[in-house]
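Visitor: Pasting a structure below so you can have a look.
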Amino acid sequence: MTSSVATTQHSPPPSKKRSRKQIPTLALVAPSVIVLLLWMIVPLVMAIWFSLQRYNLLIPENREFVGLGNFVFILTDPALWTSIGITLILVASVLLITIGLGTLLAVLYNQDFFGRGIARVLAISPFFVMPTVSALIWKNMLMHPVNGLFAQITRGLGLGAIDWFADLPLLSIIIIVSWEWLPFALLILLTAIQSLDTDQLEAARMDGARPLALFRFVVLPHLSRAIAVVAMIETIFFLTIFAEIFVTTGGGPGLATTNLAYYIYLKALLEFDVGGASAGGLIAVVLANLVAIFLVRSVARNLDT
């Protein structure tokens, strides 16, 4: 009798067992998974549906199913390949500038000097400015051919003023986007360089390594993973640059600054070609996924080494 009472007292309450079994994990995560799938699938299905139709908002009554006609039209459009080339140039140039300067600035800002905290805040602050606002600042206050700061400097040197957005439009966009994203690269790389073991640096110095050799054989290998992560994140965002181009050059002159995102915008909201814009959007999705797969594999390989 005593043993049966003890067994009953030490066994967990049956009500708690039932309550744990009544709330399975699938029921908890299912709503968020369903919302996420709908958030992704519905726009994708609508884009696929419109890409298979001839649908122009100016003549909606001529809407009809054309199969892959929109894809053939888009892929044979020279403007598409021009926009893809400009997109790749824009992404590669800004990556090179932000990672190169970000690495050098991270090494400099890791040193002890007076006002280092204020200097770090000022260096990172451009990242918090909205793309539209930064584009307006560069367009009206810095690169304006009459009232801009750069024009005042070049006139003072007797070189005349440069009309940046007419003579060097793509370089202007690269400078603006690099100014916006350099703080991001600096922040990640500075955090990574602060985790470098100082004993390793001291040992290399005692072996006679000079500053350039320390950077080449100790600091740079330590930053390789952070550089790979910065390149992956920045590339994903650079493939969709739009606000800077819309505010400053409008994709011009001609197609000089029309990247893939702005090309789709021209098709959708200026030519009102919903079918062509949807086909272009799907091509952009495929291109972005190819780049993402390549980058993810590169980063994963880097992290494994």
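Visitor: Work out, step by step, the length gained on full extension between Leu108 and Met130: first 0.36 nm times the residue separation, then minus their alpha carbon distance; give nm to one decimal.
Guide: 5.3 nm
Visitor: Right, something else. Of Trp138, Trp49, which has the most accessible area and how do the rest follow, probe 1.4 Å?
Guide: Heavy-atom accessible area, descending, gives Trp49, Trp138.
Visitor: Name the shape class, rounded, prolate or oblate, that the alpha-carbon gyration tensor gives for region 153-276, where a ≥ b ≥ c are the square roots of its eigenvalues, rounded holds for a/c under 1.5, and otherwise prolate holds if a/b is larger than b/c and oblate otherwise.
Guide: oblate
Visitor: Ranked from the most accessible area to the least, with a 1.4 Å probe and all protein chains present, what is the order of Met40, Met143, Met206, Met130?
Guide: From most exposed to least exposed: Met206, Met130, Met40, Met143.
Visitor: Once you place label points 7 Å from the Cα toward the Cβ at Val146 and Ile48, how far apart are they in nm?
Guide: Here the answer is 5.3 nm between the modelled labels.
Visitor: Still on this model: What accessible surface, in Å², does a 1.4 Å probe find on His144, ignoring ligands, DNA and RNA and rounding to the nearest 10?
Guide: 60 Å²
Visitor: For every other residue with a beta carbon closer than 15 angstrom to the beta carbon of Val91, add +1 if it is Lys or Arg and -1 if Asp or Glu, then tell me the sum.
Guide: Net charge around Val91: -3.
Visitor: Another question, then. Please give me the summed charge of the neighbours of Thr198: other residues whose Cβ is under 14 Å from its Cβ, Lys and Arg +1, Asp and Glu -1.
Guide: After counting each charged neighbour, the total is -3.
Visitor: Specify which labelled value, from (1) 27.5, 107; (2) 25.1, 87; (3) 25.3, 91, agrees with Rg and Dmax of the Cα atoms in Å derived from the coordinates of the model shown.
Guide: (1)
Visitor: Figure the gain on full extension for Trp81 and Leu171 (residue separation times 0.36 nm, minus the Cα-Cα span) and round it to one decimal in nm.
Guide: 30.5 nm
Visitor: I want the local charge near Val218. Using Cβ-Cβ distances under 13 Å, sum +1 for each Lys or Arg and -1 for each Asp or Glu among the other residues.
Guide: Residues close to Val218 contribute a combined charge of -1.
Visitor: Right, here's the next one. Hey, what did region 69-168 get for relative contact order, percent, Cα under 8 Å, at least 6 apart?
Guide: 10 percent
Visitor: In nm, to one decimal, how far is the modelled label at Leu196 from the one at Val286, with both set 7 Å along Cα→Cβ?
Guide: Result: 4.4 nm between the two label points.
Visitor: Let me ask something else about it. Kindly report, to the nearest 10 Å², the accessible surface of Glu271 as traced by a 1.4 Å probe over protein heavy atoms only.
Guide: Glu271 has an accessible surface of roughly 90 Å² with all protein chains in place.
Visitor: For Ile48, Ile283, give me the order by solvent-accessible area with a 1.4 Å probe, most accessible first, ignoring ligands, DNA and RNA.
Guide: These residues rank, largest area first, as Ile48, Ile283.
Visitor: Counting only the heavy atoms of the protein chains, how much of Ile89 is accessible to a 1.4 Å probe, in Å² to the nearest 10?
Guide: 90 Å²
Visitor: Grab the Cα-Cα distance for Leu212 and Phe294, subtract it from 0.36 nm times how many residues apart they are, and report the gain in nm with one decimal.
Guide: 26.4 nm
Visitor: Any idea how far apart Leu57 and Ile118 come out in nm if each label point goes 7 Å out from Cα toward Cβ?
Guide: In this crude label model, Leu57 to Ile118 measures out at 5.0 nm.
Visitor: At a Förster radius of 51 Å, what calculated FRET efficiency corresponds to the Cβ-Cβ distance of Trp39 and Ala256, to the nearest 0.05?
Guide: Calculated value: 0.90.
Visitor: Then there is this: What are the semi-axes of the equivalent ellipsoid of region 87-164, taken as the square roots of 5 times the eigenvalues of the Cα gyration tensor, listed largest first and rounded to whole Å?
Guide: Gyration-tensor ellipsoid for region 87-164: 27, 18, 14 Å.
Visitor: How large is ³J(HN,Hα), in whole Hz, for each residue of region 69-84 in order, when computed from phi with the Karplus curve 6.51 cos²θ - 1.76 cosθ + 1.60 and θ = phi - 60°, using x for Gly and Pro?
Guide: For region 69-84, the Karplus curve yields x, 5, 5, 5, 5, 5, 5, 9, 7, x, 5, 5, 5, 4, 5, 5 Hz.
The values are calculated or read from the model by the stated rules, or taken from the named source; none is laboratory data. These numbers were taken from a predicted model, which means no experiment stands behind them. Glycine gets a Cβ as well: all are built from the backbone with ideal geometry, and neighbour counts include every protein chain shown. Surface accessibility is based on the protein's heavy atoms, side chains included, excluding ligands, DNA and RNA. Shrake-Rupley method; radii C 1.70, N 1.55, O 1.52, S 1.80 Å.
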